[in-house]
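The structure appears right after this line, and notes come after that.
The values are calculated or read from the model by the stated rules, or taken from the named source; none is laboratory data. The structure displayed is predicted, hence computed values, not measured ones. Using ideal geometry, Cβ is built from the backbone for each residue, glycine included, and neighbour counts are taken over all protein chains shown. The area values use the complete protein model at the heavy-atom level, side chains included, leaving out ligands, DNA and RNA. Shrake-Rupley method; radii C 1.70, N 1.55, O 1.52, S 1.80 Å.
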Amino acid sequence: MSKLKLVLGIVTIAFVTLTVVSCKDAKTDKNNSTDHHSEMNADEDHSKMNHDNSDGHHDGDKKEMAMGGNGNSQAVLNDYFNLKDALVSDDNAKAKALGATLAKTLRSLDISSNYSESQKDDLKDIIEDAVEHAEHISESDITHQREHFKVLSKDMTDMVAITGTKVKLYEQFCPMYDGGTAWLSTKEEVRNPYYGSKMLKCGKVQREIN
């Protein structure tokens, strides 16, 4: 009987020892898992932070690029009219090149003087938006170029309202394109940049800008 008790005692001690060791190992694994998870979260947060910082930095650069230079509004308009003529001619490749040229000219527009602070703020916003659309035009097929040209034309009209123009401009309007769309031209004769050869003369002069 005493021998049986001794065996049972040894078995009990062995079982308790194994249980303690197993729990310890499990706890260690859990801690390791927690540590690993924490590192992953830290890496994700760090990655997210870098991404956010990168976006913020990019936006800052974009705004800074659009804030000043030594160009003038007439140079911007000339590049805009060249782009308009390329779309009238259904010339996708030329419109791409001229979109890139216009984006560069817009970035160099000098708004450091001759304007009030509110006008400068408005011009910054106009330039920033126009640069974005000009860049899209430099990368798109002609259908998308014309979509971006619609917004770009609105930006140019808003810019001229602040900067003025040295030459008479004609704001022309096509009732067919996208519910009705305007653009600027130096010529009174209508040449539609939204339809090109399909409906070259679709539109009318809705006002003159001096």
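Summed over all non-identical Cα pairs, the Kirkwood treatment of region 71-139 gives a radius of 12.3 Å.
Report the local net charge at residue 201: Lys and Arg +1, Asp and Glu -1, summed over other residues whose C-beta lies under 14 Å from its C-beta. Charge balance near residue 201 sits at +2.
Please label the shape of region 129-210 as rounded, prolate or oblate, based on the square roots a ≥ b ≥ c of the eigenvalues of the alpha-carbon gyration tensor (a/c under 1.5 means rounded; beyond that, a/b larger than b/c means prolate, else oblate).
Oblate is the answer for region 129-210, as a/c is 1.5 or above yet b/c matches or exceeds a/b.
Dipole orientation for region 75-132: of the candidates 126, 115, 103, 103 has the Cα lying most toward the positive pole (charges on Cβ; Lys, Arg +1; Asp, Glu -1). Relative contact order of region 129-168, please, whole-number percent, based on alpha carbon pairs below 8 angstrom and at least 6 residues apart. Result for region 129-168 is 40 percent.
What net charge is computed for the residues neighbouring residue 143, neighbours being all others with C-beta under 15 Å from the C-beta of residue 143, Lys and Arg scored +1, Asp and Glu -1? It would help to have the intermediate numbers written out before the result.
Details: positive: 96, 146, 150, 198; negative: 90, 91, 139, 141, 147, 178.
That sum, taken over residues with Cβ under 15 Å, equals -2.
A cut-off under 13 angstrom between Cβ atoms defines the neighbours of residue 180, and their net charge, with Lys, Arg +1 and Asp, Glu -1, is +1. Ranking of 167, 160 by solvent-accessible surface, largest first: 167, 160 (1.4 Å probe, protein heavy atoms only, all chains present). For residue 71, the residues 5 or more places off, or on other chains, whose built amide H falls under 5 Å of its own are 109, 110. Accessible area of residue 201 (1.4 Å probe, protein heavy atoms only, ligands and nucleic acids ignored): about 140 Å².
Surface exposure of region 123-210, expressed per residue as accessible area with a 1.4 Å probe, stands at 49 Å².
So what is the relative contact order of region 64-210, in percent, for Cα pairs below 8 Å that sit 6 or more residues apart?
Details: 248 pairs, mean separation 36.9, N = 147.
That works out to 25 percent.
Each Cα pair under 8 Å and six or more residues apart adds its sequence gap; the mean of these over the residue count of region 71-150 is a relative contact order of 35 percent.
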